[in-house]
Amino acid sequence: MKLKCLIIDDEPLAHKVIGKYAGDLPHLEVVGSAYSAMEAMGMLGQQQVDLIFLDINMPRIQGLDFLRTLPNPPMCIITTAYKEFALEGYELKVIDYLLKPIAFERFFQAVNRAIEQKQLMEKPTAVSTQETVTKNEDPTLFLKEDRKVHQVKVKDIDYLESYGSYVKVHVAGQTIITLERLSNFEEKLKVHHFIRVHKSYLVPVDRIELIEGNELIVSGKKLPIGAVYRHNVNDLFK
């Protein structure tokens, strides 16, 4: 999924920073840059936009006032130096509220929220989660490692390993270390038949080669089975 986004800000530096951050993420495409609300209005009428990065303090029409004028607004991430408007922004159902100077980590987090929201909007209401997964033959994850963002296919993941506040994702002969809790991946990947076998390990069921005693072999790697998670393994035999 790639979101088409529009940057609306009267500061050239803000366009430069947001444009650079967006360029580092493969799931964002900047389709325009507007320096006023009036300019943005024209751009929104000419092309499809999924997401806007909107400044609050702009000439003639303030950002939040502009947002109120839109009958069917795209998703919005506020980018501003004024934290006192945060509550008002959330009342307008913005995706996130980023304070300048914006750190890349917060930008990345906000964009992930927008992607999740877009997926929810596009998800067929009459189709079960499992049916949706079946139709998506190659679901992917975006994994941030330092200032790089990897897109990996779920089917290529060998297993995931807890590493303090990080997670090592072992995929296709490489290891990607990303700042996220294993429990977060457990929630995301359970629909893809990943199970927790130990406090430190999350594995795809179809990669389990052998189960013996308190150990199992996953993608050629011997991993322990934790007592707390033994029931997850036992459920495979039911």
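Per the helix-only calculation at 222 nm, which mean residue ellipticity applies to the chain, given -39500 (n - 2.57) for every DSSP H run of n ≥ 4 and division by its residues, nearest 500 deg cm²/dmol? My calculation for the chain gives -9000 deg cm²/dmol from helical runs alone. Of the DSSP beta bridges with both residues in the chain, give the percent that are antiparallel, rounding to the nearest 5. Given both bridge residues lie in the chain, the antiparallel proportion sits at roughly 65 percent. Exposure proxy for D156, D96: other Cβ atoms within 10 Å of each Cβ, ordered fewest to most, give D156, D96.
With neighbour counts taken as other beta-carbon atoms within 10 Å, the residues S165, S36, S183 rank, fewest first, as S165, S183, S36. Amide H contacts of M58: G63, each under 5 Å away and 5 or more positions distant or on a separate chain (H built 1.01 Å from N in the peptide plane; Pro and chain starts excluded).
Evaluating 6.51 cos²θ - 1.76 cosθ + 1.60 at θ = phi - 60° for every residue in region 61-74, the Karplus couplings come out as 10, 5, x, 5, 5, 4, 4, 5, 6, 7, x, 10, x, x Hz, glycine and proline recorded as x. The residues neighbouring N57, those whose beta-carbon lies less than 12 Å from its own, together hold a net charge of -4 under the Lys/Arg +1, Asp/Glu -1 convention. Volume per residue for region 16-104 equals 98 cubic angstrom (convex hull of Cα atoms). Beyond 32 Å between alpha-carbons counts as too far, so tell me which of K2/K199; K153/K199; K4/K148; K155/K199; K93/K199; K83/K118 fall in that bin. Beyond 32 Å: K2/K199; K93/K199. Here each label is just a point 7 Å from Cα along the line to Cβ, and for E209 and Y166 those points are 2.6 nm apart.
Treating r as the C-beta distance of D235 and E180 and R0 as 25 Å, the FRET efficiency rounds to 0.50. The simple Förster model, with R0 at 22 Å and r as the Cβ-Cβ distance, assigns E11 and K148 a FRET efficiency of 0.20.
Shape analysis of region 138-237 based on the Cα gyration tensor places the equivalent ellipsoid semi-axes at 22, 14, 12 Å, largest first.
Readers should treat all values here as calculations from the given coordinates under stated rules, not as data from a laboratory. Just so you know, these numbers come straight off a predicted model, no measurement behind them. Cβ sites come from the backbone with ideal geometry, for glycine too, and all protein chains shown count toward neighbours.
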